[in-house]
Amino acid sequence: MNGRTCGFTLLEVLVAISIFAVIGLGANQMLRSVIDTQSRVRVVNETVDDISRALTVIHRDVTQVIPRGIRDEYGEPIGPLLVGQDTYVLELTRTGWNNPARHQRSEVQRVAYGIEDETLYRYFWLVLDRAEDSEPRSQVLLESIQGFSANVVDAEGETTDVWPGLDSNQVLPRGLEIIMNVKSVGEIRRVYAMPDPPQPLRGRSGGERDQESVQDQDSQVGVPVGYPLDARGRP
């Protein structure tokens, strides 16, 4: 007796192949979408990390600015803070230059910021008062930069993009604003308060100095604080 052989018809096989093809195509597209998303997230995270590091460096420089001018390679005096000049967007003198190797150098450093080929560079000099052969060293701070600028706020609360002004007799402004325009992120603004300038000693009426100012000056010339003074303020 002849038995009948069970199997799939050609139409059923084609339908099954079509279903598996659709499932495979969908799975492939889903996998590619996940990979692309992970890649974009990684790029964004790297960009955020780079921006964070750059802002940390800028914050460290700006918040440690000191009113110490320098001399350029031609011997001309330069103020402690320059904004909107021809060579650099921002240039300043800062303290707190780490010296873990204990080199024979100062902890005060001259730094500057500028853009070249959509890259933000930080420049620094090994000396404060430059010679003719003094060249700055550069380090890449941030890439994909579309703009970098700085504004200052003077004692009257006015904002300007050039410092020092022609009619300004201030050493440092009241505040400094940094503006960065980064690709795929947009504009980033940071505002920093400048350190207060040293205040002059104020005398009392009648030409007498107050006791605190006298003690400060006496401590500088070698007289211990609290040492008894006569009516003329002498030890």
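Nothing in this text is a laboratory measurement; each read-out follows from the coordinates by a stated rule. Since we're looking at a predicted model, the values are computed, not measured. Here the Cβ is made from the backbone with ideal geometry for all residues, glycine too, and neighbour counts use every protein chain on show.
Things worth noting here:
- Each other residue within a Cβ distance under 10 Å of LEU141 adds +1 if Lys or Arg and -1 if Asp or Glu, for a net charge of 0.
- Shape of segment 61-193 from the C-alpha gyration tensor: oblate (a/c of 1.5 or more and a/b not above b/c, with a ≥ b ≥ c the square roots of its eigenvalues).
- Whether segment 134-190 is rounded, prolate or oblate, judged on the alpha carbon gyration tensor where a/c under 1.5 counts as rounded: oblate
- For GLY175, residues with placed amide H under 5 Å, excluding near neighbours: VAL153, MET194
- Prolate/oblate/rounded call for segment 1-127, Cα gyration tensor, a/c under 1.5 rounded: prolate
- Around the amide H of ASP129, modelled in the peptide plane, lie the amide H atoms of ARG71, all under 5 Å away and 5 or more residues distant in sequence or on another chain.
- Length added when fully stretched, ALA193-THR37, from 0.36 nm per residue minus Cα-Cα: 52.2 nm
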